[in-house]
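The values are calculated or read from the model by the stated rules, or taken from the named source; none is laboratory data. These numbers were taken from a predicted model, which means no experiment stands behind them. Please note: Cβ atoms are built from the backbone with ideal geometry, for glycine as well, and neighbour counts cover all protein chains shown. The protein model used for the area step is the full one, side chains on, heavy atoms only, and it has no ligands, DNA or RNA in it. Shrake-Rupley method; radii C 1.70, N 1.55, O 1.52, S 1.80 Å.
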Amino acid sequence: MLATQEALNQFVEDTGGWVASQLEACTRCGMCAEACHFYISSGNPAYSPVWKMELLRRAYEGRFTLSGRLKLALGIEKPISDSDLDTWRTIDYEACTLCNRCSQVCPMGIDLGSLIHGVRGALAAAGEVPKDLEDATQKQIEDGSPLGVDLDAWKDRMDWIQDEWEVKLPIDVKGADTMAVFTSIELMKFPSNFAYIAKIMEAAGESWTISSKGREVVNFGLFEGSTEHTILFLKRIFDAAEELGVKRVMVTECGHAYEALRWTSFNLVQVPKGLEVTHIAGVLGEFLNAGRIKLKAGAMDDNLITFHDACKIQRKGGHIKEPRQILNILAPNNFVEMTPNREDGICCGGGGGVISIKEADQKRFDAFELKIDQMNEIGAKRVTMACSNCRLQFTDSVQHFDLDWKIYGLSQMVAESLEE
Amino acid sequence: MFEVALIIFVGGMTYRLIRVLLLGWGRDRVPAMGSKTVGVLKSYLKGILIWPFIPWVKDTFKRNPLIYVAGGLFHLGLFAVIFLGTAHMLVWKSLLGFGWPTLPLPIVDWMAAVAIVAMLALFINRLVNPVLRMISGPAEWLNWGVVFLPLVTGYIMAHHLWFGYTTLFSLHMLAVDMLLIYIPLSRISHFMFYFFSRTIHGTEYGKRGVMP
Ligand code: SF4
Ligand code: SF4
């Protein structure tokens, strides 16, 4: 039997009724396709969410149901083969960002994102991970960073940021309340984020720290679908938090890392007792409401500005109100919503590790055209978001399509309009 | 024959249910941000009220209105016929021992017609829509046929069109028996698993404090 089939069987066994009942509920109505940016932008039926979980259905039915076994015996259904692995590796890794928008339109409410993640897990177990993802994971295992930034290089970078922006980055401070965990995207592409967050923390009078051990919050294990690697990377963060004795871990601007730490970890590893996991978007709201930071009202009110909902921070993360609260202060007359928005927001197309796979570039840019349409519809040329992965996809695409947009990070906006 | 079919139906569905339940359910240890109960409630309300009866709240509706409208009307018509048609209510009464008020015949009749037309539209849609063509195998076509037959024989019977009443009654009963025996073997059983997936959906979104 093929390794993937085995892995999928194991997956159903492990997840049990939770997955089985959802697979049983699917009516194969195809409605989920209409929500997926990869299907909408390409018209390729293979990118419909229901098809992306097809391997899982086949494995499940062939192993766990009577009718499935009957179908296999009669030859109506084919067992999973090597060429299937090739096909599904491409569609599940390169044409799915695990954004879970599809689950919002499925009439049965099937959690397609999780099921597709399960298929990725099986493919990973069978060694069928796209080369770029695999390389990045390997680097994260060895150097502690998917971009290959080892501890020395990281320290140099920290020094440079402190000099460049004249801020203080508290590193490895024992007993701090909050440990901020950054992504390598911020480290390499948006280093100013460190400075912005430092400014905000200082303004709020928060006792905080950055850990040199838990310095990388991106979890390539999650992108791969590999539980083993996911756990390995999660542990690095939790071990660091335990060592420093912090009360909470604050994920800065990364959606997938937030998903892994906030929603997945508690069922996967032993999270230190009493440790809270939160996201900067939530913390900004908390500081504002407690009056710990004040923003210059109308500081960004000179032009239309809109907000891009990140799938893992808004739809799957719950921080829908805070960014809007901030925007309503900073641009009371010029903040406009894209449609659809909030939990129904359209994904940027770069999440789920897609942006790190070279072969997926075209699909990713095609998907981004939906965002361009949304922006054009309201005529906005400024957009902000709370996820660096989205922000990278936006800046990259703006370059690709040669657009004259301005892209902001949420913390950036807050830091730049702090009332002294 | 009807009794046998009924027993197979109930037995088969129970087997399916137990099979899934016995696969085990892990405990969720994730600290919630919102209320799971609220999420579940909203999920059902939205699933039943907004989808599919006021579906234009979603942008996806605009992308494929036919599947929403036809899918919604088909289910609505089917439920009306099965539960609110007098003839069927009497069958239920003989099985359950109690009855309930039903809709006037012309209304049920119209709803049956709507369900039939919707089913035809769904059939054609399955033939032409690229996604549906890709995900449809023999099972999907059979599902359609097995549901369509009782509906259409019942309709013809109620209208005394063609053939004699007794022939049509036997045909209708045969179709119903087939349906009952076939449901546990197929995806038509989704009406049972609907409650699982919707509850899971609501729990997940509620836990995250997001509108499901
Ligand atoms: S929308 Fe839901 S029920 Fe329909 S095919 Fe997709 S997953 Fe299955
Ligand atoms: S999770 Fe997002 S990208 Fe993946 S299939 Fe669903 S809608 Fe498409």
One finds the C-alpha centres of the range A:177-206 and the range A:63-101 to be spaced, in Å, by 42 Å
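Once Rh is set to the Kirkwood radius over Cα pairs, what Stokes-Einstein translational diffusion coefficient, in µm²/s, holds for the range A:117-177 at a temperature of 4 °C and a viscosity of 1.567 mPa s?
Working: Rh = 14.3 Å.
D = 90 µm²/s.
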Of all GluC sites (Glu not before Pro) in the range A:88-178, the ones in DSSP coil with at most 14 other Cβ atoms within 10 Å are A:Glu166
Taking N as the residue count of the range A:73-180, its alpha carbon Rg divided by 2.2 N^0.38 Å gives 1.63
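Let me have the relative contact order for chain B, percent, based on Cα pairs under 8 Å that are six or more residues apart. Mind showing how you got there, number by number?
Details: 204 pairs, mean separation 81.4, N = 212.
Answer for chain B is 38 percent.
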Largest first and rounded to whole Å, the semi-axes √(5λ) derived from the alpha carbon gyration tensor of the range A:179-272 read 22, 16, 10
Residue by residue through the range A:329-339, the couplings from Karplus 6.51 cos²θ - 1.76 cosθ + 1.60 with θ = phi - 60°, in Hz, x for Gly and Pro, are 7, 6, 9, x, 9, 10, 7, 10, 8, 7, 10
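Counting protein heavy atoms only and a 1.4 angstrom probe, how many square angstrom of accessible surface do chains B and A bury in total, to the nearest 100? Can you show the working numbers first?
Details: alone 13810 and 17080 Å², together 26010 Å².
The contact between A and B buries close to 4900 Å².
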With the convex hull built on the alpha-carbon atoms of the range B:58-112, volume per residue in Å³ sits at 90 Å³
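Which whole-number percent of Cα pairs in the range A:235-293 have a distance greater than 15 Å?
When every Cα pair of the range A:235-293 is considered, 51 percent fall beyond 15 Å.
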If R0 = 45 Å, then B:Tyr165 and B:Val38, at their Cβ-Cβ distance, give a FRET efficiency to the nearest 0.05 of 0.30
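First check a/c for the range B:1-117, with a ≥ b ≥ c the square roots of the eigenvalues of its C-alpha gyration tensor; if it is under 1.5, answer rounded, and if not, answer prolate when a/b is larger than b/c or oblate otherwise.
Working: a/c = 2.14, a/b = 1.18, b/c = 1.81.
Judged from the Cα gyration tensor, the range B:1-117 comes out oblate (a/c at least 1.5, b/c at or above a/b).
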A student asked for the Cα radius of gyration and Dmax of the range A:302-377 in angstrom ought to give 13.7, 42
Expressed in angstrom and ordered largest first, the alpha-carbon extents of the range B:124-212 along the principal axes are 59, 28, 24
Inter-part gap, Cα centre of the range A:319-354 to Cα centre of the range B:191-209, in whole angstrom, is 25 Å
1/(1 + (r/R0)^6) with r = Cβ-Cβ of B:Met178 and B:Ala113, R0 = 35 Å, i.e. FRET efficiency to nearest 0.05, evaluates to 0.95
Unit-weight point scatterers at every alpha-carbon of the range A:247-402, Debye formula, q = 0.17 1/Å: log10 I(q)/I(0) is -1.04
Amide H contacts under 5 Å for A:Tyr408, restricted to residues at least 5 apart in sequence or on another chain and with H modeled in the peptide plane, are A:Val383, A:Thr384, A:Met385
Debye calc, one equal point scatterer per Cα of the range A:1-103, no solvent, log10 I(q)/I(0) at q = 0.11, 0.12, 0.22 1/Å comes to -0.35, -0.41, -1.30
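Can you pull the semi-axes for the range A:255-331, root of five times each eigenvalue of the Cα gyration tensor, sorted largest first, whole Å? Intermediate results must be reported in sequence, preceding the final value.
Working: eigenvalues 169, 48, 9 Å².
That gives 29, 15, 7 Å for the three semi-axes.
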Of the convex hull drawn through the C-alpha atoms of chain B, the volume per residue in Å³ is 164 Å³
Karplus ³J(HN,Hα) for the range A:48-64 (6.51 cos²θ - 1.76 cosθ + 1.60, θ = phi - 60°; Hz, whole; x = Gly/Pro) runs 6, x, 4, 6, 5, 9, 3, 4, 5, 4, 4, 5, 5, 5, x, 9, 10
Within the set B:Asp177, B:Asp59, B:Asp109, GNM on chain B using Cα springs under 10 Å gives the largest fluctuation to B:Asp59
Taking every alpha carbon pair in the range A:60-122 and sorting the distances into 5 angstrom bins from 0 up to the bin holding the longest one, the percent per bin comes out as 4, 15, 18, 18, 21, 18, 6, 0
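Roughly speaking, to the nearest percent, how much of the range A:1-122's 1.4 Å accessible area is carbon and sulfur? Walk me through the numbers on the way to the answer.
On the way: 1910 of 3540 Å².
Within the range A:1-122, the accessible surface is 54 percent carbon and sulfur.
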The summed charge of the A:Leu169 Cβ neighbourhood (under 14 Å; Lys/Arg +1, Asp/Glu -1) stands at -4
With no solvent term and unit scatterers on the alpha-carbon positions of the range A:198-330, Debye gives log₁₀ I(q)/I(0) at q = 0.09 Å⁻¹ of -0.30
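Per residue, what accessible area does the protein assembly as shown have, given a 1.4 Å probe and all protein chains present, in Å²? Provide the component values of the computation, followed by the final result.
Values: 26010 Å² over 632 residues.
Each residue of the protein assembly as shown exposes 41 Å² on average to a 1.4 Å probe.
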Out of B:Ile116, B:Ile181, B:Ile107, a Gaussian network model of chain B with alpha-carbon springs under 10 Å gives the largest mean-square fluctuation to B:Ile107
Shape descriptors of the protein assembly as shown over alpha-carbon atoms, Rg and Dmax in angstrom, are 26.8, 94
Ordered by number, the residues of the range B:191-211 with at least 20 Å² less accessible area in the assembly than alone (1.4 Å probe) are B:Phe193, B:Tyr194, B:Ser197, B:Arg198, B:Ile200, B:His201, B:Glu204, B:Tyr205, B:Arg208, B:Val210, B:Met211
For chain A, whose charge dipole is built from +1 on Lys and Arg Cβ atoms and -1 on Asp and Glu Cβ atoms, the candidate among A:Gly121, A:Ser21, A:Val414 with its Cα farthest towards the positive end is A:Ser21
With T = 10 °C, eta = 1.306 mPa s and Kirkwood Rh from C-alpha pairs, the Stokes-Einstein D of the range B:96-143 in µm²/s is about 119 µm²/s
Along the range B:33-46, Karplus-curve 3J(HN,Hα) (6.51, -1.76, 1.60; θ = phi - 60°) to the nearest Hz, with x for Gly and Pro, reads 9, x, 9, 5, 4, 4, x, 5, 4, 4, 4, 5, 4, 5
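Keeping the other protein chains in place, figure out the carbon and sulfur percent of the accessible area of chain B, with a 1.4 Å probe.
Details: 8840 of 11280 Å².
Exposed carbon and sulfur together represent 78 percent of the surface.
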Between the alpha carbon centres of the range B:86-106 and the range B:172-187 the gap in Å comes to 20 Å
Per GNM of chain B with C-alpha springs under 10 angstrom, the most fluctuating residue out of B:Arg29, B:Arg63, B:Arg126 is B:Arg29
Counting only residues 5 or more apart in sequence or on a different chain, those whose built amide H sits under 5 Å from that of A:Trp208 are A:Asp177, A:Thr178
When every protein chain stays in place and a 1.4 Å probe is rolled, B:Tyr165, B:Tyr182 sorted by accessible area with the largest first are B:Tyr165, B:Tyr182
